[in-house]
Amino acid sequence: MRNSSVSRARPAPPSSPASHPFFSTRTSQPCSPTQPPPPSQALDSLLKGTLATVSHFAAQPTNLEAHPSIIVTFERFSTGNVLPDQKQGKSPEQLKTPQSSPFHSTAASNSLPPNISQDQFEGVCFPTTPAVAINLLGKYLTNHEVSEVLSHKTVYYLGVKANKIKGDLSQPNYGYDDERSDYRIVPFDHLDYRYEVIDVIGKGAFGKVIHCFDHKESTHVAIKIIRNARRFHKQAQVELQVLRLLLERNIPFVVRLLDSFKFRNHECMSFELLDISLYDYLKINRFRGFPLLWVRAVTQQLVSVLHELKANGVIHCDVKPENMLFLDERRGSVKLIDFGSACVEQERMYSYIQSRFYRAPEVILGIRYSFPIDMWSLGCVLAELYTGRPLFPGENETDQLLWIISALGEPPDSLLAHSSKRSVFYSPDSTLKIVPDSHGTRRKPASTSLSKLIPSSDGPMMDFISRML
């Protein structure tokens with residue numbers, strides 16, 4: 001499914017994104033190459049009664065979120081054959097999510113811990129007005145908050161027991177930012193007089209993601225707080241534009257934007273709180289691949305997402321396991337998150353995009369990119385879920401391209417003619433610069449193959465990955 005300007009021409013893909021033989025359901029499909037196959041009788045018994053329904057979904061894109069019985073079957077299949085610690089006396093529920101995980105299920109986490117309950121405090125019932133909050137609880141507020149709260153119509157939460165930042169006029173942004181212009185997180189303090197800060201669940205170049213409790217809607221949420229810098233403000237506006245478009249079109253398997261607001265000069269976005277990422281799930285499984293039936297089900301959902309993104313003119317630009325989160329603890333349905341690098345097809349913004357292991361050749365070479373870069377990344381993710389390791393684990397961008405060329409061969413001259421970075425990877429006489437990696441390995445064109453990197457006898461899967469690449 002690659003653009004013809006990036007690879008050799010191939011037959012046109014089928015109209016339905018899920019009609020490829022890879023999505024057919026057969027009990028004879030092999031498991032991960034690193035795992036012994038399960039007993040055939042146990043497998044047949046586990047899948048009995050669901051194969052007809054699963055085949056129906058494999059034949060046409062369907063929202064699997066509405067079919068928990070299928071999701072549970074996939075999860076039981078995965079847990080029973082992939083997580084070997086079950087032999088040590090641990091239950092599947094204990095194995096699926098580590099006790100220290102900062103992620104929580106949206107469906108099962110709406111009960112308030114004791115330290116979150118604030119329906120009433122010193123005679124003040126919440127929600128309340130700013131005037132009442134200042135009059136009766138002013139002693140718990142900083143001087144900055146006393147003036148700040150007046151700009152809000154309603155107060156849902158004040159964080160009266162938090163160790164608040166005082167708000168110093170002599171410091172940048174009143175002392176609320178650190179040296180990187182990230183918002184300083186104070187546990188149990190408020191965000192926008194509505195959300196209670198619980199914990200940091202993610203950090204990145206963009207800023208931080210915070211687990212919060214929404215005292216207005218009485219639910220747990222994830223809030224993305226963008227760094228307080230002009231270039232990140234502009235990027236956040238593009239992200240909001242994309243998220244609102246996807247929300248309006250009701251695109252399935254995409255994280256749901258709940259709200260957006262500006263607080264203390266930081267752009268903030270509130271999202272539904274999801275469970276762990278596919279990367280974390282691989283980590284829990286000690287980076288051993290998953291059964292092909294489970295990989296197929298997850299891939300179908302992600303193909304559906306990319307199909308809808310393309311239909312709406314959106315390029316995600318950062319498809320990777322870390323940006324694919326399970327909807328809940330059942331581990332059957334996933335959602336694509338983090339549209340911070342996304343753009344609409346007519347308005348590309350960035351030249352340095354995609355995490356390195358999943359970066360498409362046209363991005364590395366500095367060639368005009370489009371929707372196929374997301375499909376390339378998904379092909380790399382599919383292989384990683386199956387084998388447990390990255391398909392092209394380059395140490396740097398040069399090594400990344402050499403990994404790709406070693407398996408797929410050199411790009412044609414007609415493609416290199418449009419490369420703005422050709423001199424980085426090729427000599428003036430058009431000879432590829434083969435640079436050894438940190439272990440002294442020199443990767444030469446066509447020195448390996450996909451079949452060697454992905455040991456599998458499953459023809460439909462190998463064909464599907466080769467089409468994505």
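The values are calculated or read from the model by the stated rules, or taken from the named source; none is laboratory data. Remember, it's a predicted structure, so these values are computed and weren't measured experimentally. No Cβ is skipped: glycine too gets one built from the backbone with ideal geometry, and neighbour counts run over all protein chains shown.
Looking only at helices (runs of 4 or more DSSP H) that fall completely inside segment 358-469, which ones have 1 or more residues that are basic (Lys, Arg), without any contact (Cβ under 8 Å) to a residue 60 or more places away in the chain and over 23 Å from GLU322 (Cβ atoms)?
422-425, 450-453
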Considering every residue within segment 258-267, establish whether at least one is within 18 Å of the chain's Cα centre (by Cα), not in a helix (DSSP H, G or I) and not assigned by TED's automatic domain parsing to the domain that holds THR299.
yes
For ILE353, are the conditions met, namely being part of a loop (DSSP other than H, G, I, E, B) and in contact with a strand residue (DSSP E or B) (Cβ under 9 Å, 6 or more places away or on another chain)?
yes
Can you find a residue that is in contact (Cβ under 8 Å) with a residue 60 or more places away in the chain and either buried (at least 18 other Cβ atoms within 10 Å of the Cβ) or assigned to a strand (DSSP E or B) (or both) anywhere in segment 225-232?
no
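For VAL305, indicate whether it is over 23 Å from ASP182 (Cβ atoms) and modelled with pLDDT of 95 or more. Give the derivation first.
Working: over 23 Å from ASP182 (Cβ atoms): yes; modelled with pLDDT of 95 or more: yes.
In short, yes.
Looking for whichever is in the same structural domain as TRP294 (by TED's automatic domain parsing), of a type in the set (Asp, Glu) and farther than 19 Å from ILE367 by Cα here; the options are ASP429, ASP413. Which one fits? If you could, list the steps in order and put the result at the bottom.
Numbers: ASP413 fails: farther than 19 Å from ILE367 by Cα.
Only one candidate passes the filter, namely ASP429.
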Any chance you could count how many residues in segment 339-377 are under 24 Å from ILE284 (Cα atoms) and crowded, with 24+ Cβ neighbours inside 10 Å?
2
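Rundown of residues vs (1) farther than 30 Å from ASN312 by Cβ; (2) more than 21 Å from the chain's Cα centre (by Cα), yes/no style:
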{"position": "LEU169", "(1), (2)": "yes, yes"}
{"position": "PHE188", "(1), (2)": "yes, yes"}
{"position": "GLY202", "(1), (2)": "no, no"}
{"position": "CYS212", "(1), (2)": "no, no"}
{"position": "GLU217", "(1), (2)": "no, yes"}
{"position": "GLU248", "(1), (2)": "no, no"}
{"position": "VAL255", "(1), (2)": "no, no"}
Looking only at segment 171-185, which residues are of a type outside the set (D, E, K, R) and under 20 Å from PHE271 (Cα atoms)?
TYR183, ILE185
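Which is among the polar types (S, T, N, Q) and part of a loop (DSSP other than H, G, I, E, B), of SER170, SER147?
Going through SER170, SER147 in turn, the sole match is SER170.
Scanning for something assigned by TED's automatic domain parsing to the domain that holds MET462, under 23 Å from ARG227 (Cβ atoms), in a helix (DSSP H, G or I) and not charged (D, E, K, R), does segment 284-292 turn up at least one residue?
no
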